[in-house]
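Just passing along the structure, written as structure tokens.
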């Protein structure tokens, strides 16, 4: 339901790629991914059971201490319902970006979507 998420790691850094390259941001890496790209540089994120279920409230409070630009990544974060997380971050006036394969339906409200489609997956671009 998205009230608890398998938090792999969270950190403050500079966005290193894409349109927002060079922007200071707080990254929230959510565990869990069944897409399984062989070139993935964070394969340790795939098994959600290895990452502690963390309340979205805690994740939000940690994130907004460091930045008003938040990047949610994974694994594949859309394996989970992101509605609670994005609602809470928007209530704190954060700008929220997501990095997704598009393999799952979009949940939550995003300010920026970085879509990286995968060869063997259907991309879900329909807004829910």
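Filter the stretch 13-27 for residues that are surrounded by 14 or more Cβ atoms within 10 Å (Cβ to Cβ), outside any loop (DSSP other than H, G, I, E, B) and out of contact with any helix residue (DSSP H, G or I) (no Cβ under 6 Å at 6 or more places or on another chain) and give the result.
25, 27
So, residue 2, is that one surrounded by 15 or more Cβ atoms within 10 Å (Cβ to Cβ), part of a loop (DSSP other than H, G, I, E, B) and within 15 Å of the chain's Cα centre (by Cα) or not?
Here the answer is yes, as residue 2 does meet what is asked.
Next question, about the same structure. Given the residues 80, 46, which is the only one that is without any contact (Cβ under 8 Å) to a residue 60 or more places away in the chain and within 18 Å of residue 101 (Cβ to Cβ)?
Answer to the selection: 46.
Looking at (1) buried (at least 17 other Cβ atoms within 10 Å of the Cβ); (2) assigned to a strand (DSSP E or B); (3) more than 14 Å from the chain's Cα centre (by Cα), which is the one condition that is false for residue 72?
Among (1) buried (at least 17 other Cβ atoms within 10 Å of the Cβ); (2) assigned to a strand (DSSP E or B); (3) more than 14 Å from the chain's Cα centre (by Cα), residue 72 violates only (3).
If residue 53 passes every condition in (1) in contact with a strand residue (DSSP E or B) (Cβ under 7 Å, 6 or more places away or on another chain); (2) at pLDDT 95 or above; (3) within 16 Å of residue 6 (Cβ to Cβ); (4) surrounded by 17 or more Cβ atoms within 10 Å (Cβ to Cβ) but one, which one does it miss?
Failing condition for residue 53: (4).
Among the residues of the stretch 82-100, which ones are part of a loop (DSSP other than H, G, I, E, B) and surrounded by fewer than 18 Cβ atoms within 10 Å (Cβ to Cβ)?
Within the stretch 82-100, 92, 93 qualify.
Examine the stretch 25-33 for a residue that is under 18 Å from residue 114 (Cα atoms) and over 14 Å from the mean Cα position of the chain (by Cα), and state whether such a residue exists.
No, there is no match, as no residue in the stretch 25-33 is under 18 Å from residue 114 (Cα atoms) and over 14 Å from the mean Cα position of the chain (by Cα).
The values are calculated or read from the model by the stated rules, or taken from the named source; none is laboratory data. Keep in mind that this is a model prediction, so the values were computed, not measured. Ideal geometry is used to build each Cβ from the backbone, glycine not excepted, and the neighbour counts take in all protein chains shown.
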